[in-house]
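Values quoted throughout were computed directly from the atomic coordinates according to the rules given, and no laboratory measurement underlies them. Given the structure is predicted, the values throughout are model-derived calculations rather than measurements. For neighbour counting, all protein chains shown are included, and Cβ atoms are generated from backbone atoms with ideal geometry for every residue, glycine included.
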Amino acid sequence: MAPSRGLHHLLYILNPQIALRNTRRTFSSFTETLANPTKKVQTYISRSTNPFLNLSIEDHILRTSSPSSVILFLYTNAPCVVIGRNQNPWLEVNLPILRPCPPKAQKSTGIEIGIEQPGLGPISLVRRRSGGGTVFHDKGNVNWSVTSPRVAFTRDKHAEMVVRALRKLGVGRARVNERHDIVLDQGKRGRDIDAMDTHRTPYMDETGEEMRKPLKVSGSAYKLTRGRALHHGTALLASPNLDVIPQYLHSPGKPFINAKGVESVSSPVGNIGLDTSVFQKQVSEQFAAMYGSGNERVPVQMVGEEHLYIPEIKKGYDELRTADWVYSQTPGFTVTNEISQDTHYNEKSRLASKIQTPDFQISMAVRHGVIKDCKIEETRVPIGELEAFQASLLEQKLQDIQDWPAFLHSKTSCESKELAAIAKWLGKILYTPEIPRD
Amino acid sequence: MAARLSVARTARQLTSSAVRRPPSFVPATCQRWQQAPLERRLFSVSAAVKEKKYTEDHEWIELSSDGKTCTLGISDYAAKALGDVVYIELPQIDMDISAGDTIGAVESVKSASDILTPIGGKVTEVNSQLEAKPGSINADPEGEGWIAKLEVAGEPEGKLMSKDEYTAFTEDA
C-alpha cells in the first residue's frame with residue numbers, strides 16, 4: 001500500500017489535476033467493487049481512526065454492496081463515545097468531560113468538573129446509525145462489522161464467528177451470551193463441553209461458590225435495511241482506559257431525565273489481551289472460512305481518508321458531524337426535578353449524582369432537541385421574570401445554548417438570583433458541547 | 001390477527017357468491033356476527049384496488065374508500081422478524097413526504113430499521129399510542145399498531161403485493 005500512496009503523493013505535487021482525477025477513479029472503483037455481484041465475499045480494513053469516516057464507509061458498504069454479497073469491515077477508532085441510533089446523549093454520556101474547557105469557563109457555566117477530568121484530551125461524541133447502547137472506543141479496540149443478506153441473517157451468527165476467532169487464538173473463555181454480546185467466563189475450569197458450541201464454555205461456573213460475573217468484551221448492534229443486515233461490535237482487545245471509561249458513561253443529569261428511546265445496559269467489561277493485527281487476521285480468516293468458497297482466497301483491501309473523495313461517503317460523514325444529527329435526533333424526553341418512578345432512576349443514582357435535587361418545581365419537554373414546553377414553579381422569583389424566561393426557552397434548540405447563565409441574561413433583564421440558580425441547574429443537566437468544525 | 005383475516009376473507013367470498021347461492025346456505029346467526037368486520041372493511045371488499053397492499057420492505061398500506069387517504073404500518077411478518085420493539089419514531093404531522101421516503105424508525109433488540117412509505121402525500125395523523133407503548137406494535141401490527149395516516153398525493157411507487165402475493169414473497173425469502 002505504501003508505495004502506491006507515495007506515487008500518488010508525488011503525482012499530486014507534480015500535477016494536482018491529474019492526481020485528483022486518478023484519485024476519483026480509484027475510489028469510485030470501491031463502490032463498483034462493492035456493487036459487483038460476482039464478488040460475493042469481500043474484506044476491508046480501514047487505515048483511518050476517524051470514527052465519523054469509518055462509520056460512513058461502513059454505511060456506504062451497507063447501502064451499495066450487492067444484495068447477495070457478504071462484506072467484512074474492520075476498523076479502530078481514536079478515543080470517542082458512541083451512542084446508539086435512538087439514544088439520549090444527556091442521559092448516556094458525561095458530556096461536560098468530553099471537551100475539557102478552561103476552569104474560568106467552567107465557573108461561568110456552572111460546569112465544575114475540576115480534578116475528575118480524566119486526562120484523555122478531547123473525546124468525540126458520535127451517534128451511530130445502528131441501534132443498541134453506548135460504547136467507549138479507543139485504540140485498544142477493533143470494531144468488526146459484517147454486512148450480509150437479511151434473509152439468512154441471525155443476530156448471533158457473526159458474534160459466533162468472532163468467538164471462533166477468539167478460541168482459535170487461545171481465548172477459551174469466550175462465548176456468545178443471551179444478549180448477543182461476547183463475554184469471557186470467569187469461573188474455574190469445569191466439565192469439558194463441545195468445543196464447537198460457541199454459547200458455552202468450561203468456565204461458566206454455574207456451581208462455584210463464588211459466582212464471578214462474566215466480563216463483556218464485545219457488544220452487538222444492528223442496522224437493518226431492505227434485504228440487508230449490518231451487524232457490528234467493538235472488541236475490547238487492550239484498552240488502556242478501562243478505569244476511566246465509567247466516568248465517561250455516567251451522566252450526572254441521569255436522575256432528572258425521563259426519556260423515551262433506548263437505554264444502555266451497563267456490564268462489567270474486560271480486555272481480551274490480544275494484539276490488533278493478530279485479531280484482525282484471525283477474524284478475516286474465520287470470515288473467509290464461513291463464506292468463502294473452497295480454496296479461493298479473500299483478499300484484504302485497505303480503505304482510508306482518501307475515501308472521502310466518494311461523494312456518498314462525504315455526505316454521510318458530514319451528516320454524522322452535525323449537531324442536528326448528534327443532538328436533535330434524540331427521542332423525546334423530559335427534564336424534571338421529580339425522580340422518575342422507573343427503577344433505573346433509583347435513589348442510588350440520585351445520590352451518586354453531583355447534581356442536587358432542586359427545591360423548585362420544573363418540567364421541561366424536549367422533542368427533536370427542541371424545547372417544546374417548560375413549566376417552572378419558584379415562588380421566590382417574580383412571576384414576570386419567570387414567564388419571560390420560560391417564553392424564551394420555547395422552540396429553543398438545546399444545541400444552541402452553550403452557556404445557560406449567559407443565555408438567561410441575554411434573554412431577560414432579570415436580576416433574581418433564584419432564577420440564575422435555575423439556569424445554572426439546567427446548564428448542568430443539559431450541557432451541550434459544541435461539535436468541533438475541524 | 002389470523003382469525004380476523006380469515007373473517008375478512010370469508011366475508012369477501014360471501015359478498016360475491018351469496019347472490020347466486022340459496023339464502024339458506026348461510027345461517028342467520030353467522031351473518032349477524034359478520035356485520036361488524038364487514039362494515040369496517042367494506043371498501044377493501046368492494047374494490048380490489050383498495051385492499052391492503054404490501055411492499056418488499058414489509059410495510060402495508062390501505063387506501064380509504066375515496067382513495068384520498070391511506071393508513072400505513074408494518075406487516076405481521078416484519079413485526080415478528082424484528083422482535084420486541086422498544087422505540088418507534090413517528091413522522092411529524094403535516095410533513096410532506098414522497099414515495100420512498102423514510103417516515104419513521106423502529107428499534108428492537110439492538111437493531112435500528114427505517115420505515116419507508118411507498119406513496120407520497122402529507123401526514124395527517126400518527127398513532128401516538130405507539131410512542132408511549134412501542135411494544136404494542138408487536139401485538140397487532142396490521143390493526144391497532146398502524147403507524148400513520150396520509151393524505152395521498154400521486155400514485156404508489158415500487159412493487160405492491162396483495163396479501164397472497166406477499167405471503168408467497170416472505171415464504172420464498
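Which of the aspartates and glutamates could a cross-linker bridge to A:Lys397, judged by Cα under 14 Å and excluding same-chain residues fewer than eight apart?
Of all the aspartates and glutamates, those that pass the test against A:Lys397 - Cα under 14 Å, at least 8 places apart if same chain - are A:Asp324, A:Asp373, A:Glu434.
Which one, B:Ser128, B:Asn138, B:Val152, projects farthest toward the positive side of the charge dipole computed for the range B:93-155 from Cβ point charges (K/R +1, D/E -1)?
B:Asn138
Classify the range B:48-172 as rounded, prolate or oblate from the Cα gyration tensor: take a ≥ b ≥ c as the square roots of its eigenvalues, call it rounded if a/c is under 1.5, otherwise prolate when a/b beats b/c and oblate if not.
Details: a/c = 1.68, a/b = 1.14, b/c = 1.48.
Taking the square roots of the gyration eigenvalues as a ≥ b ≥ c, the range B:48-172 is oblate.
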